[in-house]
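Asker: Have a look at the structure that comes next, please.
Taken together, the values in this text are just the output of simple stated rules run on the coordinates, not laboratory data. Worth saying up front: this structure is predicted, and the values here are computed from it rather than measured.
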Amino acid sequence: MRRETRPGPPASFVWRGREYTVVEVLAERRLLDLRRPWWTRRHRDEYVVRVDTGELFRLRFHRGPGRPSWTLFCQLPEEP
């Protein structure tokens with residue numbers, strides 16, 4: 001039996017030529033697409049992180065068919 005392990009949020013990432021270090025994970029959730037046949041499902045692990053500059057980002061780790069990959073989904077507005 002093979003168990004799937006979740007990768008967890010990255011320690012850092014590069015965006016627009018600059019490296020950002022993740023200092024805090026504010027939220028995490030698993031998105032499951034169960035409406036499609038199993039061979040075309042797009043499952044994602046989503047993380048909202050704060051980086052060393054204080055900025056917030058939503059990152060997604062794509063699992064399922066094909067090669068696993070990371071995506072910077074969006075930059076979030078600063079918290080008030």
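Asker: Amide H to amide H, which residues 5 or more places from V22 or on other chains are under 5 Å from it, using H placed in the peptide plane?
Answerer: Residues meeting the amide H criterion: S12, F13.
Asker: Which cross-chain or sequence-distant (5 or more) residues have an amide H under 5 Å from the amide H of R42, H modelled 1.01 Å from N in plane?
Answerer: Result for R42 returns D33.
Asker: Multiplying the sequence separation of R58 and S12 by 0.36 nm and subtracting their Cα-Cα distance, what value in nm do you get?
Answerer: In short, 15.3 nm is gained.
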